[in-house]
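Taking it in order: structure first as structure tokens, then the write-up.
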Amino acid sequence: MSKKILIVGGVAGGASTAARLRRLDENAEIIMFERDEYISFANCGLPYYIGETIKERENLLVQTPESMLARFNIGVRINSEVMSIDTHKKSVQIKSKDKGSYEESYDYLVLSPGAKAIKPPIEGIDSKRIFTLRNMQDTDKIKTLIDKNTISNAVVIGGGYVGVEMAENLKERGLQVTLVEAAHHILAPFDSDIVVMAENELIKNDIKLILNDGVKAFKDTESSIEITLSSDNKLTADLVILAIGVTPDTNFLKSSGINLGIKGHILVDDKMQTNIKNIYAVGDAIEVVDFVNKKATAIPLAGPANKQGRIAADNIAELNSTYKGTQGTAIIKIFSLTAASTGNNERTLKRLNIPYKVIYIHPLSHASYYPGALPLTLKLIFNNEGKILGAQAIGYNGVDKRIDVIATVMRLDGTIYDLEELELCYAPPFSSAKDPVNMAGFVAENVLSGRMDSITPEDYFNYNKENTVLLDVRSKTEFNNGHIEGAENIPVDELRRNLNKLDKNKEILEYCQVGLRGYIASRILSQNGFKVKNMTGGYKNASLLSFIPKSK
């Protein structure tokens, strides 16, 4: 007897479930319900269509009802909203634009309702000049407004991925753009020492950036909208993009008996099954396990949603697949820069009281002697056993492949010692003989082996310096161009013959530009009887942190 499977919602999770199910079971009856008109579109491409980097609207449409029927024999019912589920009768109640209200039975049910943009109860939030960006309809409204009207400036509320991408793409359309973020920094997956580079890139490209300030109220005027911030400062714009996050679209499940988390996410096991037999859930609406810290969390990303859809389909087809957690690997373009991350950041680890160590490196994207080599910054977070807890990178070239390599090692339960041993492709146009990933492993291993005692710039400025000497081991020219306040300067190449100028009764806290010369200096000093700490990431990292005092 063939199975009847209903899928609620399309896009990444629902559409991947449907296609995988058909590949596994030619005889199953598969019906997909989509509340809107579009069942499978490229969410992540929406800002770039508005910015006209993606020229053709059709390129955003991954699958249509017609293509799903032709290739997969899947019945797609668009403009059909699932209003409720009766788990005892094994049926769903549908409200359809064409058919009105009706009931549909199922043997298996897959929930992929996704998430909706958060719209807090702020005065004036329902203004017609305020837009969110979650689907094709939202995209069409924003693009039509810009295309057909004289729009000169915009305010983007929220500095997450969508907010930053929208700020960039609106700027590409010639608008004056202000980005407002209530937190101290944009892009929450990144720590402040990395994200300041992204913030500087926005400012360099004439994005007005307002941090640590939320929105108190909106007010329509005759030709614009006025935004009152928490600080009582006021902004005026022709349009507002609200991008302060998403919430699971699961209100229709509240009386179904399906277990939901405290924020409304659907709770599933590692087979993507809910507490109700034969009901599965995937995508942005579910709670997942964090791959690194093993705690429950929600990470709305397209890659995991696709994998979850495949796993739900496997289990409906009795293939016994399991989902092993979400790592949060993600990447973003910020004008000329690329930033990427995987795993946990320092903020998360501190909140969960998980011990960790940090190193930074600032290598070039490929061999320095081959034209076009550009700097990148790589931050590696790991524990005393060498397990990798997270990584972040930012730069102009090669950022994606370094984070992808580290994310793969993490997924395979690798360590910093594996990073040292990886054999990665090398030719001067593409990398260096010691790839940045290898270099990160080398530096981390030096820390764990005790060959180098490191300190981060942030830790340094919170350090008890009563019996310490701050030593800058860069050249005199570099030192004169800028240094950390209170530092003495002995270039590393002159260090051995100047050891008598340093007090062995004091701890030496030393730094160079990016960390390499500092490591050499720390080896010289430690083997000559000095107690020494090397500042990982060097002066480059220290100078990026706005709260760090420095002199010129």
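Where a number appears in this text, it was derived from the coordinates with a stated rule and is not lab data. Model, not experiment: these values are computed from the prediction. All Cβ positions, even for glycine, are placed from backbone atoms using ideal geometry, and neighbour counts span all protein chains on display.
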Equivalent-ellipsoid semi-axes of segment 128-168, from the Cα gyration tensor, Å, largest first:
17, 13, 9
Out of Leu337, Gly309, Leu319, whose Cα points farthest toward the positive end of the dipole of segment 301-353 (charges: +1 Lys, Arg; -1 Asp, Glu; placed on Cβ)?
Leu337
Please report the equivalent ellipsoid semi-axes of segment 454-533, computed as sqrt(5 x eigenvalue) of the Cα gyration tensor, largest first, in whole Å.
16, 16, 12
Dipole magnitude of segment 46-181 about its Cα centre (Cβ charges: Lys, Arg +1; Asp, Glu -1), debye to nearest 20:
220 debye
With Cβ to Cβ distances under 12 Å as the rule, what net charge do the other residues near Glu103 carry (K, R +1; D, E -1)?
+2
Grab every C-alpha pair in segment 151-249, bin the distances at 5 angstrom width from 0 up to the longest one, and report whole percents.
3, 13, 25, 25, 19, 10, 4, 1, 0
Measure off 7 Å from each Cα along the Cα-to-Cβ vector at Ile262 and Asp400, then give the distance between these two points in nanometres to one decimal.
3.8 nm
Could you order peptides 431-444, 241-254, 50-63 by the average number of other Cβ atoms within 10 Å of their residues, highest first?
431-444, 241-254, 50-63
Normalised by the residues of segment 1-100, what does the relative contact order come to in percent, with Cα pairs under 8 Å and at least six apart?
26 percent
Extension gain from Arg523 to Asn505, taking 0.36 nm per residue of separation minus the Cα-Cα distance:
4.7 nm
Using C-alpha positions alone, give me the convex hull volume of segment 1-121 per residue in cubic angstrom.
135 Å³
Karplus ³J(HN,Hα) for segment 237-243 (6.51 cos²θ - 1.76 cosθ + 1.60, θ = phi - 60°; Hz, whole; x = Gly/Pro) runs 8, 7, 8, 10, 9, 9, 9
Of the candidates Ile207, Ile227, Gly257, the farthest towards the positive dipole end of segment 206-265 (Lys/Arg Cβ +1, Asp/Glu Cβ -1, centred on the Cα centre) is Gly257
When only alpha-carbon atoms are used, what values of Rg and Dmax, in angstrom, describe segment 171-325?
20.6, 61
Highest average packing first - 332-339, 356-363, 69-76, Cβ atoms within 10 Å:
356-363, 332-339, 69-76
Kindly express, to the nearest 10 degrees and within the range 0 to 90, the angle between helix 11-24's C-alpha long axis and the longest C-alpha principal axis of the chain.
70 degrees
Among 195-204, 476-485, how do they line up from the highest to the lowest mean number of other beta-carbon atoms within 10 Å?
195-204, 476-485
Normalised alpha carbon radius of gyration of segment 205-261 [divisor 2.2 N^0.38 Å]:
1.70
Convex hull projection area averaged over all views, segment 175-230, Cα basis, nm²
4.4 nm²
Residues whose built amide H sits under 5 Å from the amide H of Asn489, excluding neighbours closer than 5 in sequence, are Asp472
What does the convex hull of the alpha-carbon atoms of segment 403-494 project to on average, in nm²?
9.1 nm²
log₁₀ I(q)/I(0) of segment 396-552 at q = 0.09, 0.14, 0.16, 0.21 Å⁻¹, via Debye over equal Cα point scatterers, no solvent, to two decimals?
-0.34, -0.77, -0.95, -1.29
Tail weight of P(r) past 16 Å, computed on alpha-carbon pairs of segment 85-194, percent
73 percent
Using θ = phi - 60° and the Karplus relation 6.51 cos²θ - 1.76 cosθ + 1.60, list the HN-Hα couplings for segment 416-433 in order, rounded to whole Hz, with x at every Gly or Pro.
5, 5, 5, 4, 4, 8, 4, 9, 10, 5, 9, 8, x, x, 10, 6, 10, 4
Amide H of Leu389 versus every other amide H placed in the peptide plane: which residues, excluding those fewer than 5 positions away on the same chain, fall under 5 Å?
Ile381, Phe382, Asn383
So the angle from the long Cα axis of helix 136-148 to the longest Cα principal axis of the chain, reported in degrees to the nearest 10, equals 70 degrees
Relative contact order for the chain: what is it in percent, counting Cα pairs under 8 Å that are at least 6 residues apart?
11 percent
Dipole axis of the chain (+1 Lys, Arg; -1 Asp, Glu on Cβ), positive-most option in Asn528, Ala243, Val443:
Asn528
With +1 on each Lys and Arg Cβ and -1 on each Asp and Glu Cβ, and nothing else charged, work out how big the dipole of segment 296-354 is about its Cα centre, in Debye to the nearest 20.
260 debye
Amide H contacts under 5 Å for Ser84, restricted to residues at least 5 apart in sequence or on another chain and with H modeled in the peptide plane, are Gln93
Residue separation times 0.36 nm, minus the C-alpha to C-alpha distance between Asn212 and Asn27: what's the value?
61.0 nm
Step through the residues of segment 458-469 one at a time and calculate ³J(HN,Hα) from phi using the Karplus curve (6.51 cos²θ - 1.76 cosθ + 1.60, θ = phi - 60°), rounding each to whole Hz and writing x for Gly and Pro.
5, 4, 4, 6, 9, 7, 6, 9, 4, 10, 10, 10
Determine the gain in length on full extension of the stretch Asp126-Ile331; use 0.36 nm per residue of separation and subtract their C-alpha separation, reporting nm with one decimal.
70.6 nm
Volume of the Cα convex hull of segment 242-395, divided per residue and given in Å³
163 Å³
How tilted is helix 399-411 with respect to the longest principal axis of the chain? Cα atoms for both, answer in degrees (0 to 90, nearest 10).
80 degrees
Show me, bin by bin at 20 Å from 0, the whole-percent P(r) of the chain based on Cα pairs.
19, 46, 28, 6, 0
Calculate the dipole size of the chain relative to its Cα centre from +1 charges on Lys and Arg beta carbons and -1 charges on Asp and Glu beta carbons; express the result in debye to the nearest 20.
500 debye
Limiting things to C-alpha atoms, what are the Rg and the maximum Cα-Cα separation (Dmax) for segment 247-315, in angstroms?
11.3, 33
